[in-house]
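Visitor: Quick one: the structure is below, and I'll ask about it shortly.
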């Protein structure tokens, strides 16, 4: 970029950018940490508090393959994570890695560790360029490994090693995320000597955003004209870039934090801009935040936001994998294809056990032990198989009444009668096309099928 206009700001104004950035980072860290703690208290599901998976953008990347191939999200992955992933990608493309520099809670933890390190007088370790370059490549290897194993096995393979998941579950004790807790504290310890160690070398989401940010419209760069070669920008960079020596606008590692800008004593030497038009870092950061929030809010308003995982259809013992602690016994029974008395017998629970509260809140009931009991019961009493179980609420409007009757094993005449349709109705027309001229909704079909399935003897 040559000859861009200069935005003049004194050093106090430049420092205010960092004060605001730290305030935003702190807010997201405290808010999401509280959500993690709240999840441990009241559980998840529609009536509970979102899980860490629902609030992590990276889960959206992991769910893409199963969404495309099967039409369902991976187990444990909610649609909200996909929305957040899209929001992060859009914000990064427009404003650079603002998510990493202004929002990411794990990034905030890493920066706070660096502040502690400086207070303790710990000398920062500067790796050689060749070693640093090699280590930065590790996060791309981690990304590819996670994608491969997740898509191959259909589950969040590396979830137990996730340091952010471990942080969110610290209030639940050390056992659930032992490996993740070890990774968390190991990388934080390394962060005492190398700032944002996790972000630089291991973060798989950082790897994705590093690729996207190379195409971002707004970039950070150094303007040779006003630069006095004081060298204050490079030591300020939390991810170890050297803007006083290298071209950084094409470097995907920049996290748009603006610390190089705040450290620069000269107006116009360090800039954030697009095609010769400069923006101060405050505007860039706030624009990224607003874009991120707007995408999430838009998806929520449109009905694409969901903070609990949709369980895919399954049969027999496999259906037990779709039982979650936030479910009540009625939901458990529908999921596994048993009636409530059978679920009670399988779990050894008395007949007066409440069926309308989450199983995690039932005294003496462990959800994992319950699932093991259900597996044993189904294997013993049904040979591992039950009638094909599908969730009618997952039904799409593109299927026909004949298809629905076959898939959900309900009598087509009963279905037509339940829907109060004419006996001459075309059974091979997609229900959305069938109901639209009548001013009716596809949801009526879902509810009718559910009603008929509930009437079937088990």
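Visitor: Using mean Cβ contacts within 10 Å as the protection proxy, how do 14-23, 344-353 order, highest first? Write out the running numbers ahead of the final one.
Guide: Working: 14-23: 16.3, 344-353: 14.4.
Top to bottom by mean Cβ count within 10 Å: 14-23, 344-353.
Visitor: What do you get for the angle between helix 281-302 and the principal long axis of the chain? Use alpha-carbon atoms, 0 to 90 degrees, nearest ten.
Guide: The angle comes out near 10 degrees.
Visitor: I've got another one for you. What list do you get for 398, 272, 79 if you sort them by fewest beta carbons within 10 Å?
Guide: On the way: 398 11, 272 25, 79 22.
The most exposed by this proxy come first: 398, 79, 272.
Visitor: Sorting check: for 442-449, 164-171, which peptide has the highest mean count of neighbouring beta carbons within 10 Å, and how do the rest follow? Mind dumping the intermediate values first?
Guide: Numbers: 442-449: 18.9, 164-171: 21.6.
Per-residue mean Cβ counts within 10 Å order the peptides as 164-171, 442-449.
Visitor: Compute the length gained on full extension between residue 398 and residue 340: take 0.36 nm times their separation in residues and subtract their Cα-Cα distance, giving the result in nm to one decimal.
Guide: Details: separation 58, 0.36 × 58 = 20.88 nm, distance 3.23 nm.
Net length gain for the segment: 17.6 nm.
Visitor: For a Förster distance of 25 Å, can you work out the FRET efficiency between the beta-carbons of residue 444 and residue 406, rounded to the nearest 0.05?
Guide: Numbers: r = 19 Å, r/R0 = 0.77.
My answer for the efficiency is 0.85.
Visitor: What is the projected area of the convex hull of the Cα atoms of the range 316-382, averaged over all directions, in nm²? Mind dumping the intermediate values first?
Guide: On the way: hull surface 14.8 nm².
Averaging across all directions leaves 3.7 nm² for the Cα convex hull.
Visitor: A further question follows. Could you give the angle, 0 to 90 degrees to the nearest 10, between helix 138-153's Cα long axis and the longest principal axis of the Cα atoms of the chain?
Guide: For 138-153 against the chain, the angle is about 10 degrees.
Visitor: Here is a further query. Modelled label-to-label distance, residue 454 and residue 145, 7 Å Cα→beta-carbon offset: nm?
Guide: The two pseudo-label positions are separated by 4.8 nm.
Visitor: Further question on the same structure: How do 254-264, 125-135 rank on mean C-beta neighbours within 10 Å, highest first? Intermediate values should be presented prior to the final figure.
Guide: Values: 254-264: 25.2, 125-135: 11.3.
Going from most to least packed, we get 254-264, 125-135.
Visitor: Sort all Cα-Cα distances of the range 207-262 into consecutive 5 angstrom bins from zero, then give the percent of pairs in each bin up to the one containing the longest distance.
Guide: 4, 21, 31, 24, 14, 5, 1
Visitor: Order these by the 10 Å Cβ neighbour count, fewest first: 86, 103. Don't skip to the end; give the middle numbers.
Guide: Working: 86 16, 103 26.
So the residues, fewest neighbours to most, are 86, 103.
Visitor: Using just the helices of the chain, give the 222 nm mean residue ellipticity in deg cm²/dmol: DSSP H runs with n ≥ 4 each add -39,500 (n - 2.57), and the total is spread over all residues, rounded to 500. Spell out each step's value before the answer.
Guide: Numbers: 20 runs with 231 residues, N = 458.
Mean residue ellipticity at 222 nm (helix-derived): -15500 deg cm²/dmol.
Visitor: Starting from the Cα gyration tensor of the range 167-286, take the square roots of the eigenvalues, sort them a ≥ b ≥ c, and report rounded, prolate or oblate (rounded when a/c is under 1.5, otherwise prolate if a/b is larger than b/c, else oblate). Before the final figure, lay out each step's value.
Guide: Details: a/c = 2.72, a/b = 2.09, b/c = 1.30.
Prolate.
Visitor: Would you kindly give the portion of the calculated P(r) for the range 11-302 that falls above 36 Å, as a percent of all Cα pairs?
Guide: Values: 6202 of 42486 pairs.
Roughly 15 percent, rounded to a whole number.
Visitor: Quote to one decimal, in nm, the extra length available between residue 214 and residue 283 on full extension: 0.36 nm per residue of separation minus the C-alpha distance between them. Working shown, then result.
Guide: Numbers: separation 69, 0.36 × 69 = 24.84 nm, distance 2.00 nm.
Net length gain for the segment: 22.8 nm.
Visitor: Right, another one. Assuming R0 = 56 Å, what is the FRET efficiency of residue 12 and residue 352, from their Cβ-Cβ distance, to the nearest 0.05? Let's see the in-between values first.
Guide: Details: r = 68 Å, r/R0 = 1.21.
Once the sixth-power term is evaluated, E becomes 0.25.
Visitor: Shape verdict for the range 246-354, please, from the Cα gyration tensor: rounded (a/c under 1.5), prolate (a/b greater than b/c) or oblate. Don't skip to the end; give the middle numbers.
Guide: Working: a/c = 4.27, a/b = 3.89, b/c = 1.10.
Judged from the Cα gyration tensor, the range 246-354 comes out prolate (a/c at least 1.5, a/b above b/c).
Visitor: Just check the range 392-455 against the gyration tensor rule for me: Cα atoms, a ≥ b ≥ c as the square roots of the eigenvalues, rounded for a/c under 1.5, and otherwise prolate or oblate depending on whether a/b exceeds b/c.
Guide: On the way: a/c = 1.43, a/b = 1.25, b/c = 1.14.
Since a/c stays below 1.5, the shape of the range 392-455 is classed as rounded.
Visitor: Helix 367-382: angle to the longest alpha-carbon principal axis of the chain, degrees 0 to 90, nearest 10?
Guide: Approximately 40 degrees, to the nearest 10.
Every read-out reported here was derived from the displayed coordinates using simple, explicitly stated rules and does not represent laboratory data. Because the structure is a prediction, the values reported are computed rather than measured. Using ideal geometry, Cβ is built from the backbone for each residue, glycine included, and neighbour counts are taken over all protein chains shown.
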